[in-house]
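The values are calculated or read from the model by the stated rules, or taken from the named source; none is laboratory data. Just so you know, these numbers come straight off a predicted model, no measurement behind them. Here the Cβ is made from the backbone with ideal geometry for all residues, glycine too, and neighbour counts use every protein chain on show.
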Amino acid sequence: MTELSKITGSNEPSAETLLQWDREHQIHPWAAMDDWRDYDNMLIDTADGIYMWDAQGKRYIDGPAGMWCTQIGYGRRDMAEAIAAQVMKLPYTSPFTNVTEPSAVLAKKIADMAPGDLNNVFFTTGGSTAVDTALRTMMYYNNRRGLPEKKMILAREKGYHGSTYLAHSVTGKERDKSHFDFESRLVHFLPDVNPYRRAAGQSVEAFCDEKVADLENAIAEIGADRIGAFIAEPILSSGGVIVPAPGYHKRTWEICKANDILYISDEVVTGFGRLGHWFASEEVFGIQPDMITCAKGLTSGYLPLGACIIADHVLEAMSHLGEPSSYTNGYTYSGHPVSCVAALKNIEIFEDEGILEHVRSVSPHFQKRLAELVKYDIVGDVRGMGLLGCIEGKAEDLEAERTLGNKIDAACEARGLIVRPLINMAVFSPPLIITIEQIDEMFDIIEDALQEVEAELKA
């Protein structure tokens, strides 16, 4: 009998029963509403290290690391023990009036890791609420400064920032917006920054100039006095692991500084080791944002937690103005002590096991194996950085191209690897503990899958 069966007092349901209950009662993120009762999601039973096992006992490499987040891998008993101990000591207290040791220690840890004067941490429930907090903070900041018209948000096509209303509104993935309302009056989208989409014969340097000019033109058109923030992922992860041209980030950050526009770096995916550093903004791209949002790898997915990290100069500008005002933004589970303990144990594991150094050590091999995939005819582009990768497929027939991501995913799944399909793309971001041998295992499967799909399309 499983622990869950002991708790519920019922016999352990079969896999078929669980899938039936799932179809009948659970709505999954991004469920296909035309047939959501007619298909089965994969029923995952157990996991350990970089592997997961389904209800039939088949093993898979977890290529997406859950949802870009299981950095330290599965089955960490030390993590379970830390969580259990905090549950028994203090599972919850109101963050509106109380402080706990875990939240105070974690806030100090994050402030020490973050670049520049980003010394102030507001804890949220995940990435979407961290982004909402950053955007609401910008609005509060400009209201307090007597600039109520300075509220427009610049964002980028293909960017993804979450599912809450404001985060959804600044998301630039058109597929994610179908049939949901969003706030268009506050947002201006800059064109796609993917170098793969540059004009024929255009150099990457010229493309970068064009993308920087897109920002400058938007500021000239809208007016710097009306623009409050520019929000940008260092790498547009859900948009297809888009790595902007070299120099783009620093040039756009400098333009924002010159025009009194807050720069929000959305590091929900790139933060906590994905590129071999706690944060990528300064270490990889040479910028010190005004705010950084993070989640996912903060706890390695063991418990939900997010954070918005705010610079001293932003806090100072909206404080001590002679008029009382409360920062009326918060969540019941802000600074949840058990989630904060999970994050602290996660950071301890990173430090004790040298995980950041490990990522920097194995990433060149990961990126080498990824780069070699361009030899297949159905591969139009490969791109990535650190332990992030994307295969963008191509086909002569547009309809065939649209299904390439799913075809690659299905072929990989049959061989024991999960990747994440996105239209004609397959993306992956394995747990950071992956070894060189496991990287080879993963890419050997991908190569077999590509050969199968390519042969199918040529048949």
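Cβ separations smaller than 8 Å between residues 6+ apart or across chains give the following pairs from segment 138-152 residues that are among the hydroxyl-bearing types (Ser, Thr, Tyr) to residues that are surrounded by fewer than 17 Cβ atoms within 10 Å (Cβ to Cβ) and part of a helix (DSSP H, G or I): Tyr141/Ala317.
In segment 58-69 there is no residue that is over 22 Å from the mean Cα position of the chain (by Cα), in the same structural domain as Phe285 (by TED's automatic domain parsing) and of a type in the set (Lys, Arg).
Is it the case, given these coordinates, that Cys390 is assigned to a helix (DSSP H, G or I) and touching a residue at least 40 places away in the same chain (Cβ under 8 Å)? Here the answer is no, as Cys390 does not meet what is asked. Any residue at all in segment 198-207 that is under 20 Å from the mean Cα position of the chain (by Cα), surrounded by 16 or more Cβ atoms within 10 Å (Cβ to Cβ) and in a loop (DSSP other than H, G, I, E, B)? Checked against the condition, which is being under 20 Å from the mean Cα position of the chain (by Cα), surrounded by 16 or more Cβ atoms within 10 Å (Cβ to Cβ) and in a loop (DSSP other than H, G, I, E, B), segment 198-207 yields no hits at all. In summary, Glu149 fulfils each of the numbered conditions (1) under 20 Å from Cys256 (Cβ atoms); (2) assigned to a loop (DSSP other than H, G, I, E, B); (3) of a type outside the set (A, V, I, L, M, F, W, C); (4) under 17 Å from the mean Cα position of the chain (by Cα) with the single exception of condition (4).
Could we say that Ala213 is free of Cβ contacts under 8 Å to residues at least 24 places away in the same chain and either farther than 24 Å from Lys151 by Cα or not hydroxyl-bearing (Ser, Thr, Tyr) (or both) here? Spell out how you get there, then give the answer.
On the way: free of Cβ contacts under 8 Å to residues at least 24 places away in the same chain: yes; either farther than 24 Å from Lys151 by Cα or not hydroxyl-bearing (Ser, Thr, Tyr) (or both): yes.
Here the answer is yes, as Ala213 does meet what is asked.
Answer with yes or no whether Gly330 is surrounded by 18 or more Cβ atoms within 10 Å (Cβ to Cβ) and over 30 Å from Ala455 (Cα atoms). No.
Considering each of Ala84, Ala15, Ala107 in turn, give the residue that is under 30 Å from Met442 (Cβ atoms) and either among the hydrophobic types (A, V, I, L, M, F, W, C) or touching a helix residue (DSSP H, G or I) at 6+ places or on another chain (Cβ under 7 Å) (or both). Reasoning before the result, please.
Working: Ala84 fails: under 30 Å from Met442 (Cβ atoms); Ala107 fails: under 30 Å from Met442 (Cβ atoms).
Matching residue, one of Ala84, Ala15, Ala107: Ala15.
For Asn424, the conditions (1) within 23 Å of the chain's Cα centre (by Cα); (2) more than 24 Å from Asp78 (Cβ to Cβ); (3) surrounded by fewer than 17 Cβ atoms within 10 Å (Cβ to Cβ) are fulfilled apart from (3). Just to be sure before I move on: is Gly162 assigned to a loop (DSSP other than H, G, I, E, B), within 23 Å of the chain's Cα centre (by Cα) and buried (at least 22 other Cβ atoms within 10 Å of the Cβ) in the structure I sent? Spelling it out, Gly162 is indeed assigned to a loop (DSSP other than H, G, I, E, B), within 23 Å of the chain's Cα centre (by Cα) and buried (at least 22 other Cβ atoms within 10 Å of the Cβ). Filtering segment 348-384 to residues that are part of a helix (DSSP H, G or I), of a type in the set (Val, Ile, Thr) and surrounded by 13 or more Cβ atoms within 10 Å (Cβ to Cβ) leaves Ile349, Ile355, Val359, Val362. Condition check for Trp30 on (1) modelled with pLDDT under 95; (2) on the phi > 0 side of the Ramachandran plot; (3) assigned to a helix (DSSP H, G or I): one failure, at (3).
Just checking, how many residues over segment 224-267 are within 21 Å of Phe366 (Cβ to Cβ) and either in contact with a Phe, Trp or Tyr (Cβ under 6 Å, 6 or more places away or on another chain) or not acidic (Asp, Glu) (or both)? Steps first, answer last, please.
Applying the first criterion (within 21 Å of Phe366 (Cβ to Cβ)) to segment 224-267 yields 233-244, 246, 267.
Those left that are additionally either in contact with a Phe, Trp or Tyr (Cβ under 6 Å, 6 or more places away or on another chain) or not acidic (Asp, Glu) (or both): 234-244, 246, 267.
Total satisfying the criteria: 13.
Residue pairs whose Cβ atoms lie under 8 Å apart, separated by 6 or more positions or on different chains, with the first residue in segment 399-423 and assigned by TED's automatic domain parsing to the domain that holds Ile434 and part of a helix (DSSP H, G or I) and the second aromatic (Phe, Trp, Tyr) and at pLDDT 95 or above, are Glu413/Tyr60. Applying the criterion of being in contact with a Cys (Cβ under 8 Å, 6 or more places away or on another chain) and assigned to a loop (DSSP other than H, G, I, E, B) to the residues of segment 55-112, the residue that is nearest to Ile310 (Cα to Cα) is Thr100. Only one of the numbered conditions (1) loosely packed, with under 14 Cβ neighbours inside 10 Å; (2) closer than 26 Å to Gly127 by Cβ; (3) small (Gly, Ala, Ser) is not met by Ala15, and that is (2). State whether the residues of segment 428-435 include one that is assigned to a strand (DSSP E or B) and crowded, with 19+ Cβ neighbours inside 10 Å. Taking every residue of segment 428-435 in turn, at least one turns out to be assigned to a strand (DSSP E or B) and crowded, with 19+ Cβ neighbours inside 10 Å.
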